[in-house]
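Comments concern the structure below.
Read-outs: derived from the displayed coordinates by stated rules, not from any lab. Because the structure is predicted, anything quoted here is derived from the model rather than measured. Neighbour counts are summed over all protein chains in view; Cβ atoms, including those assigned to glycine, are modelled from backbone coordinates with ideal geometry.
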2 protein chains.
Amino acid sequence: MSPARPSGTRERILAIAREQFARKGFTGTSIADIAGELGTTTAALYYHFSSKADILAALLEEPMAAYTRIIRGLDSGSPSAEDLLSAFIDLAVDSREMATIVDRDPTVLAMIDERLPRTSQEMTDQVIAALAGPDSGRAGVLRAHAAFAAIKEATLAAVADPGRPDSPDAPGHSPGTLDPADRAEILAAALRALRP
Amino acid sequence: MSPARPSGTRERILAIAREQFARKGFTGTSIADIAGELGTTTAALYYHFSSKADILAALLEEPMAAYTRIIRGLDSGSPSAEDLLSAFIDLAVDSREMATIVDRDPTVLAMIDERLPRTSQEMTDQVIAALAGPDSGRAGVLRAHAAFAAIKEATLAAVADPGRPDSPDAPGHSPGTLDPADRAEILAAALRALRP
DNA sequence: GTCTATACCCGGATAGAC
DNA sequence: GTCTATCCGGGTATAGAC
């Protein structure tokens with residue numbers, strides 16, 4: 001996707017933007033903020049990206065592709081609820097900063113909906129329906145919402161705090177990754193929420 | 001704070017702002033947007049509120065008080081996890097528009113933290129700790145995150161869509177309220193997520 | 001690739017007439 | 001209580017030199 005010759009600056013911009021967007025939100029972060037941390041002027045930024053929205057789009061490219069891949073798996077074949085939830089744990093880990101940005105800022109949601117064939121609302125609905133399964137009725141849909149939200153928030157909480165207070169001697173796993181024990185715990189909790 | 005005699009205009013402003021903030025976000029909504037729907041100019045708005053932040057504060061007054069009430073219940077005595085989750089279902093129903101605004105917009109979070117004795121982060125941590133219970137370790141904390149998120153999202157989903165596809169003949173409950181059956185379903189799901 | 005300088009617009013907020 | 005008019009700041013983005 002990315003052009004053949006990344007100058008390095010482009011990647012630095014993306015890293016800075018990702019961090020600031022996550023912390024202050026997309027609309028709450030200005031081009032000047034990013035340029036400031038980059039150590040250049042705003043004008044220099046526009047050599048690498050043609051707009052602020054462009055930066056966001058670049059940051060969202062990977063996560064969106066991953067999400068689309070999961071959705072496509074729903075079109076062809078019917079993965080189990082466990083497989084689905086498991087896939088969304090991975091997605092949450094890989095795109096932890098982006099995950100918060102996307103559904104926190106309505107402006108971002110709107111931008112995404114402009115560039116995508118299916119609206120984000122439709123995509124979510126499809127996931128919920130797949131999690132609920134056929135003939136599960138309204139109760140099943142509500143449980144699917146519960147399980148989906150549980151997966152996302154618990155995973156974000158786990159990667160945000162890599163500490164392991166219950167085993168002080170054990171080496172904390174590396175930050176930005178999900179401890180396998182945590183992963184199992186989260187998946188089990190979500191599955192219990194999903195199944196009565 | 002509020003004058004003795006609400007002209008009615010003040011309430012209209014709040015209603016319009018609540019709807020637009022919920023739909024487009026706080027930063028995504030301009031004073032001009034609100035004034036436009038109100039049918040006046042922006043200057044007229046400033047007769048009723050001294051700033052945009054003031055409008056937000058007025059909208060948050062009730063929900064914040066309710067939240068604080070729940071937290072205070074944690075300081076004195078130890079309510080059961082079920083009672084806690086139940087209280088948060090009610091809170092989510094009563095403040096459904098505000099619930100999304102608050103944790104979606106980092107700007108709003110920052111404003112709240114300025115006016116409150118405890119930061120919202122601390123308040124959330126306290127709730128999570130109370131839900132997890134003593135000596136539950138990291139796994140318990142993760143389950144608490146899962147249950148808390150499940151409660152909020154499932155409740156918002158339920159009130160957002162008052163339809164009842166599984167019983168077409170039953171009269172749909174009034175919008176903005178939570179069907180007792182839905183409520184029971186959500187609470188049970190969250191409790192399952194919480195307890196292994 | 002990065003700079004200086006600046007155009008341009010939009011949002012919040014105020015002054016003062018009515 | 002609402003208006004007209006306006007100020008001010010900040011934000012995106014561009015022009016053109018280096």
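Here are some notes:
- Applying the Kirkwood pairwise sum to the alpha-carbon positions of region B:1-69 produces a hydrodynamic radius of 12.5 angstrom.
- Summing +1 for each Lys or Arg and -1 for each Asp or Glu among the other residues whose beta-carbon sits under 15 angstrom from that of A:Ile70 gives -4.
- Straight-distance candidates among the lysines for linking to A:Lys152, with alpha-carbon spacing under 17 Å and chain neighbours fewer than 8 residues away dropped: B:Lys152.
- Counts of other chain beta carbons within 10 angstrom of each beta carbon in peptide B:95-106 average 3.
- Shortest-first nm distances, B:Thr42 label point to equivalent points in other copies (7 Å, Cα→Cβ): 1.8
- Centroid-to-centroid separation of region B:74-144 and region B:1-72 [C-alpha atoms, Å]: 24 Å
- The three principal axes of the Cα atoms in region B:65-196 give end-to-end lengths of 48, 36, 24 Å, sorted in falling order.
- Gyration tensor (alpha-carbon) shape descriptor, the protein assembly as shown, a/c threshold 1.5: rounded
- Peptide-level mean, for B:152-158, of C-beta atoms on other protein chains within 10 Å: 6
- Listed by Cβ neighbour count within 10 Å, with the fewest neighbours leading, B:Ser76, A:Ser30, B:Ser95 appear as B:Ser76, A:Ser30, B:Ser95.
- The packing ranking, built from the mean of other Cβ atoms within 10 Å per residue, places the peptides A:130-143, B:182-195 in the order B:182-195, A:130-143, highest first.
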